[in-house]
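Beneath this line is the structure, given in structure tokens, with notes to follow.
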Amino acid sequence: MSSIQMTKKRTALLSAAGLFAVFQAVMLLGIIPMQIHSSTSMEEYSVEQISQRAEMIVKGTIVDAKSNIHASISNPDRPIVLTTYSLKPDTTIKGSDKSEIVEFKVSGGVVNNVVHLSDQPVFEKGERVLLFLSKEPGTIYGDSYYLTGVTQGVYKIKGDVAEQEIPGRTTTESALVQKIQQALNEN
């Protein structure tokens, strides 16, 4: 390795270490207050598998979001932040809920100007999505819908492109809906 390559590598490592140190200082000083929450690790589901697992598959537009502090089921002394999103459905592909607005919850959000980070997706008002939703009383979500498979249960739609956060999971909206309908017809 040449001395120029060594210098570039050393500079990159020092820059990364410097950024990490700044992040730690910001956190310790409370300049940007944050709490971090992570879901348990998930197995990877195919579109066919997640279509079978979800209680509801719905396509629509995010119209509202509200974050609140909730008591934790597993640790009552440590409350958690959940964001309730409201979705105006265009199409319900699976499920019998015909509500004008479908609400679902994800962990994380902003309460009292404190950011509570999570590994769950964040949505913007006006964003078009296709969601795989489930309910499981006794979880942190109570009787509310939640994302089946966390990020795997979300396709963000832009034009006719349906895209997941998972690399390689981009398709057209029409191809995705067709694949879901085929999976549901096989059962």
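From (1) at pLDDT 95 or above; (2) under 16 Å from Thr139 (Cβ atoms); (3) surrounded by 18 or more Cβ atoms within 10 Å (Cβ to Cβ); (4) not polar (S, T, N, Q), pick out the condition that doesn't hold for Lys59.
In the conditions (1) at pLDDT 95 or above; (2) under 16 Å from Thr139 (Cβ atoms); (3) surrounded by 18 or more Cβ atoms within 10 Å (Cβ to Cβ); (4) not polar (S, T, N, Q), Lys59 misses (2) alone.
How many residues are surrounded by fewer than 20 Cβ atoms within 10 Å (Cβ to Cβ) and in contact with a Ser or Thr (Cβ under 8 Å, 6 or more places away or on another chain) if we restrict to region 71-120? Before you say what the answer is, go through the steps one by one.
The first filter runs over region 71-120 and keeps only residues surrounded by fewer than 20 Cβ atoms within 10 Å (Cβ to Cβ), leaving 71-79, 84, 86, 88-101, 103, 110-115, 117, 119.
Filter again for in contact with a Ser or Thr (Cβ under 8 Å, 6 or more places away or on another chain), leaving 73, 78-79, 84, 88-90, 94, 98, 101, 103, 110-111, 119.
Within region 71-120, residues that are surrounded by fewer than 20 Cβ atoms within 10 Å (Cβ to Cβ) and in contact with a Ser or Thr (Cβ under 8 Å, 6 or more places away or on another chain) number 14.
Output the qualifying pairs, or none if there are none: Cβ atoms under 6 angstrom, residues six or more apart or on different chains, first residue in region 110-123 and under 10 Å from Ser67 (Cβ atoms), second residue surrounded by 15 or more Cβ atoms within 10 Å (Cβ to Cβ).
Val110/Ser67; Val111/Ser67; Val111/Val81; His116/Gln35; His116/Val81; His116/Gly108; His116/Gly109
Quick one: is Glu100 at pLDDT 80 or above and either among the basic types (Lys, Arg) or farther than 25 Å from Gln152 by Cβ (or both)? Before the answer, list the steps.
Numbers: at pLDDT 80 or above: yes; either among the basic types (Lys, Arg) or farther than 25 Å from Gln152 by Cβ (or both): yes.
Yes, satisfied.
Among Ile140, Ile93, Ile157, which is the only one that is assigned by TED's automatic domain parsing to the domain that holds Ile62 and over 21 Å from Ser46 (Cα atoms)?
Working: Ile93 fails: over 21 Å from Ser46 (Cα atoms); Ile157 fails: over 21 Å from Ser46 (Cα atoms).
Residue meeting the stated conditions: Ile140.
Conditions tested, residue by residue: (1) touching a helix residue (DSSP H, G or I) at 6+ places or on another chain (Cβ under 6 Å); (2) at pLDDT 90 or above.
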residue	(1), (2)
Phe123	no, yes
Pro137	no, no
Ser144	no, no
Leu147	yes, yes
Val161	no, yes
Glu165	yes, no
Thr170	no, yes
Ala183	yes, yes
Glu186	no, no
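Considering region 129-186 alone, what residues qualify as being of a type in the set (A, V, I, L, M), part of a strand (DSSP E or B) and under 27 Å from Ala71 (Cβ atoms)? Before the answer, list the steps.
Start the filter on region 129-186 by keeping residues that are of a type in the set (A, V, I, L, M), which leaves 129-131, 133, 140, 147, 150, 154, 157, 161-162, 166, 175-177, 180, 183-184.
Still in the running and part of a strand (DSSP E or B): 129-131, 133, 147, 154, 157, 161-162.
Those that are of a type in the set (A, V, I, L, M), part of a strand (DSSP E or B) and under 27 Å from Ala71 (Cβ atoms): Leu131, Leu133, Leu147, Val154.
Would you mind telling me which numbered condition in (1) in contact (Cβ under 8 Å) with a residue 60 or more places away in the chain; (2) surrounded by fewer than 17 Cβ atoms within 10 Å (Cβ to Cβ); (3) not acidic (Asp, Glu) Thr148 fails?
Condition (2) is where Thr148 drops out.
Just for region 73-126: of the residues that are among the acidic types (Asp, Glu) and not in a strand (DSSP E or B), which one is nearest to Tyr145 (Cα to Cα)?
We begin by selecting, within region 73-126, every residue among the acidic types (Asp, Glu); these are 77, 90, 97, 100, 103, 119, 124.
Checking the rest, the ones that are also not in a strand (DSSP E or B) come to 77, 97, 100, 119, 124.
Working: Asp77: 24, Asp97: 11, Glu100: 15, Asp119: 17, Glu124: 18 Å.
Looking at the filtered set, the residue picked out is Asp97.
Does Gly168 satisfy the criteria of being in the same structural domain as Val58 (by TED's automatic domain parsing) and at positive phi?
Numbers: in the same structural domain as Val58 (by TED's automatic domain parsing): yes; at positive phi: yes.
Yes.
Is region 139-159 home to any residue that is on the phi > 0 side of the Ramachandran plot and under 16 Å from the mean Cα position of the chain (by Cα)? Steps first, please.
Looking only at region 139-159, we keep the residues that are on the phi > 0 side of the Ramachandran plot, and these are 142, 149-150, 159.
Restricting the remaining residues to those that are under 16 Å from the mean Cα position of the chain (by Cα) gives 149-150.
For region 139-159, residues on the phi > 0 side of the Ramachandran plot and under 16 Å from the mean Cα position of the chain (by Cα): present.
The values are calculated or read from the model by the stated rules, or taken from the named source; none is laboratory data. Note that this is a predicted model, so its numbers are computed, not measured. Here the Cβ is made from the backbone with ideal geometry for all residues, glycine too, and neighbour counts use every protein chain on show.
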